[in-house]
Amino acid sequence: MAELTFSIIKPDAVANNKVGDILKMVSDAGLTIKATKMIHLTKTQAEGFYAVHSERPFFGELVEYMMSGPCVVSVFEGDNAIKRYRDLMGATNPADAVEGTIRKAFGASIEANACHGSDGPDTAAIEVPYFFSSLELVN
Ligand code: GDP
């Protein structure tokens, strides 16, 4: 069944000019781009997006990093898109990510790890409308 997932190409990957490489990996993996745009997160937006991590010790650093430069936010579609994109991203820590994944290729550290992807249907259902209106998703 076709599913939507939400993605962020994070500030480090945008600054390193990897947007095209990453979107090509997504397309080559058979996922369809439903929407995409570049944004520069405010503190409030970054804190709101990562609110589930607000009690974690690295929350402040994570928010600062996410507002450190522009991001590319996208919605991808495909059968099992959530798991397929998580698999394509690789492990949170690029040092643990396997060959062929986005984080292995472009992640610099456990924080600056190139990309975000929804971790389940409930999360995707919150994250997609956090950044996109229904009018912005192509049919
Ligand atoms: P993900 O689902 O693979 O992105 O991983 P998590 O949901 O566990 O963490 C969210 C994001 O927080 C990660 O993608 C990293 O950017 C960041 N992060 C995770 N663990 C750490 C850590 O130990 N230190 C720092 N500075 N950032 C972290």
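The values are calculated or read from the model by the stated rules, or taken from the named source; none is laboratory data. Remember, predicted model here, so these are calculated numbers, not experimental data. Note that each Cβ is placed from the backbone with ideal geometry, even for glycine, and that neighbours are counted across all protein chains shown. In case anyone asks, the SASA skips ligands and DNA or RNA and just uses the protein heavy atoms, side chains included. Shrake-Rupley method; radii C 1.70, N 1.55, O 1.52, S 1.80 Å.
Take each uninterrupted DSSP H stretch in the chain, measure its Cα extent along the helix axis, and return the ones at 27 Å or beyond whose mean Kyte-Doolittle hydropathy is at least 0.0.
The qualifying helices: there are none.
Quantify, in whole percent, the carbon and sulfur part of the accessible surface of the chain (1.4 Å probe; protein heavy atoms only).
Whole-percent figure for carbon plus sulfur exposure: 54.
What's the Kirkwood radius of segment 72-139 in Å, using all Cα pairs?
12.8
Which whole number in µm²/s is D for the chain by Stokes-Einstein, with the Kirkwood Rh taken over Cα pairs at 10 °C and 1.306 mPa s?
This corresponds to a translational diffusion coefficient of 106 µm²/s.
By the scheme Lys and Arg +1, Asp and Glu -1, what is the net charge of all other residues having a beta-carbon under 13 Å from that of VAL75?
Net local charge, VAL75 excluded: -2.
Could you report the chain's accessible area per residue, 1.4 Å probe, as an integer in Å²?
With all protein chains present, the chain gives 52 Å² per residue.
Could you work out [θ]222 nm for the chain from helices alone, using -39500 (n - 2.57) per DSSP H run of at least four and dividing by all its residues? Round to the nearest 500 deg cm²/dmol.
-10500 deg cm²/dmol
All other residues with a Cβ under 10 Å from the Cβ of GLY120 taken together, and with Lys, Arg as +1 and Asp, Glu as -1, what is their net charge?
With Lys, Arg at +1 and Asp, Glu at -1, the neighbours total 0.
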